[in-house]
Amino acid sequence: MSLHDRIPNNVDLCNDRRLQKALEQWQPRFLDWWLEMGPDGFQTKDVYLRTAVSVDRDGWATFEHVKMPDYRWGIFLTPEERKRPVGFGDNPDIESFEEVPGEFRNPLRRLIVTQGDTEPASVEQQRLLGRTCPSLYDLRNLFQVNVEEGRHLWAMVYLLHRHFGRDGRDEADELLARRSGDANKPRILETFNQPIRHWLSFFCFTMFTDRDGKYQLGALAESGFAPMRRTCQFMLTEEAHHLFVGETGITRVLRRSAQLAKLFDGDVVKGGGIPLEIVQRYINYWFSYSLDLFGSEISSNSADFFAMGLKGRFDEEKKYADHSAREGFMNVPVIEAGRVTQRQVPLRNALNEVLRDDYIKDCERAVKGWNRALEEEGSSFRVTLPNRRFHRHLGEYAQHSFTTDGELLADAGTADAYYASMLPSEADEAYVDSLMVGVTKPGAFANWIAPPKNGINSQALDFEYVKL
Ligand SMILES: [Fe+2]
Ligand SMILES: [Fe+2]
């Protein structure tokens with residue numbers, strides 16, 4: 001482990017001078033990007049951040065106050081104790097690839113670039129949130145998420161530089177050139193071009209969109225391309241915190257709204273909180289946009305990635321007995337002659353849907369927890385997840401409109417009005433915006449959100465998480 005090198009790493013960078021030099025040339029460009037597109041303001045402030053100092057189970061993180069530009073972005077691959085075969089696909093028994101097999105070069109590069117592009121994109125989407133933080137605790141969590149997305153970019157750029165030569169270096173530069181929401185140079189996936197205007201969207205994004213990352217990384221952590229597997233395993237460790245921020249953030253909003261409803265005779269707006277119906281509309285929006293990230297329901301790409309042993313299913317090794325996925329079908333609802341019917345799809349062509357199923361189950365678990373919190377606060381309101389067909393921009397359902405229960409809405413006029421009622425309106429956006437005022441007194445929290453149960457790393461809630 002070389003933590004104090006210019007680029008902290010556990011991949012023996014000092015023994016590969018060419019690679020080290022290439023990455024050292026990319027590093028100042030990354031920093032320029034960070035200063036231009038990373039968190040607005042606060043770059044000179046001390047933030048209580050977790051930094052990787054080792055990839056060991058109990059030593060991988062230390063907490064200290066650092067300025068964000070001094071965060072030790074680096075390259076960390078989880079070591080593997082044993083040699084592992086590819087484990088799934090057409091050639092499960094051959095040894096994992098340490099280098100990229102020629103015929104897999106393009107698909108693998110595409111997987112890495114698509115994943116890599118989401119990391120800086122989300123930092124850009126969240127760029128302006130610092131000024132309206134509901135507390136120093138939340139401000140610190142935002143920055144923790146941001147620096148780690150920066151590190152995930154490093155992780156993907158390492159793979160590109162190390163394994164894809166000239167093409168890889170060009171792709172690494174492009175990752176810093178695209179911009180979220182930019183008309184000319186947008187980010188690759190549309191979800192990552194959607195604005196995150198306020199903290200309610202931030203919590204929904206870290207809950208739902210970062211969670212897509214967990215499942216994509218989980219599938220890539222099974223990869224027969226060993227460097228990818230080891231990279232993704234370590235990214236997953238960091239990702240867990242982002243999901244925690246989102247899930248508990250929404251719990252806190254729901255709790256507070258329920259409390260204000262009680263205090264103000266059901267009038268949450270009068271109490272200065274976010275009405276539960278509005279929270280539900282943001283859940284509808286970000287959940288549906290995040291479902292798009294799993295790709296088409298019926299996909300030959302997913303079949304190819306699996307056959308090549310590049311991308312497995314989530315928990316492929318542990319969860320499944322048959323690693324060929326050659327047998328079996330999945331029933332996928334499709335639209336035919338104006339109605340929803342089931343189509344039998346060979347399993348390998350339905351692997352996006354298999355991953356989406358795992359994801360939805362995980363989200364349903366979180367919803368149960370949110371509704372428990374509402375019940376504890378004496379509210380009878382219950383939040384739900386919309387059906388997977390609702391408000392989709394990609395795949396089988398993109399050309400049609402559906403209710404949140406999954407019923408097809410045949411009439412376009414009805415559908416538009418229905419979607420408008422189920423998704424955040426401009427008035428919702430403006431109202432939520434109006435509640436966003438920066439709260440920066442240690443231990444204080446904005447009125448629209450409940451404090452968390454615990455501080456970070458056992459610190460008190462009034463700890464100075466960011467020194468302003
Ligand atoms: Fe990430
Ligand atoms: Fe993340």
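Quick notes
- This model, with +1 at the C-beta of Lys and Arg and -1 at the C-beta of Asp and Glu, gives the range 13-467 a dipole about its Cα centre of some 660 debye.
- Arranged from fewest to most other beta-carbon atoms within 10 Å of their beta carbon, ILE196, ILE188 become ILE188, ILE196.
- Computed E for GLU174/GLN43 - FRET, C-beta separation, R0 25 angstrom, nearest 0.05: 0.55
- Here the scattering of the range 26-103 is modelled by Debye summation over its C-alpha atoms, one equal scatterer each and no solvent; at q = 0.23 Å⁻¹ the log10 of I(q)/I(0) is -1.09.
- Checked against a 22 Å cut-off, the cross-linked pairs LYS318/LYS361; LYS214/LYS441; LYS368/LYS453; LYS214/LYS318; LYS214/LYS368 give Cα-Cα distances beyond that limit for LYS214/LYS441.
- About its Cα centre, the range 4-92 has a charge dipole of approximately 200 debye under the convention of +1 per Lys or Arg Cβ and -1 per Asp or Glu Cβ, with nothing else charged.
- In a fully extended conformation the segment linking ALA415 and ARG6 would gain 141.7 nm over its present Cα-Cα distance, using 0.36 nm per residue.
- Residue order, fewest to most surrounding Cβ atoms within 10 angstrom, among TYR71, TYR465: TYR71, TYR465
- Remark: the LYS319-LEU35 segment gains 98.0 nm on full extension, using 0.36 nm per residue and subtracting the alpha carbon distance.
- Considering only ASN10, PRO92, GLN20, the residue lying farthest towards the positive end of the dipole of the range 6-152 is GLN20, judged by Cα position with unit charges set on Cβ.
- Based on the reciprocal of the average 1/r between different C-alpha atoms, the Kirkwood radius for the range 266-419 equals 17.6 Å.
- Amide H within-cut-off set for LEU409, under 5 Å, with H built and near neighbours excluded: SER401, PHE402, THR403
- Volume of the convex hull of the range 179-337 (Cα atoms only), normalised per residue: 193 Å³.
- Global geometry of the range 272-344, whether rounded, prolate or oblate, following the gyration tensor of its Cα atoms and the 1.5 cut on a/c: oblate
- Selected from THR341, SER421, GLY443, residue furthest toward positive end of dipole (the chain; charges at beta carbon): GLY443
- Summarising the amide proton neighbourhood of GLY309: residues at separation of 5 or more, or on other chains, whose placed amide H is nearer than 5 Å comprise ASP90.
- Over the chain, the hull volume per residue, using the convex hull of the C-alpha atoms, is 152 Å³.
- Net +/- balance of residues flanking GLN20 in space, Cβ distance below 14 Å, scoring K and R +1, D and E -1: +2
Just so you know, all these numbers are worked out from the coordinates, no wet-lab data involved. Here the structure is a predicted model, which is why all the values come from computation and not from measurement. Because the Cβ atoms are built from the backbone with ideal geometry, glycine has one as well, and the counts that use them run over all protein chains shown.
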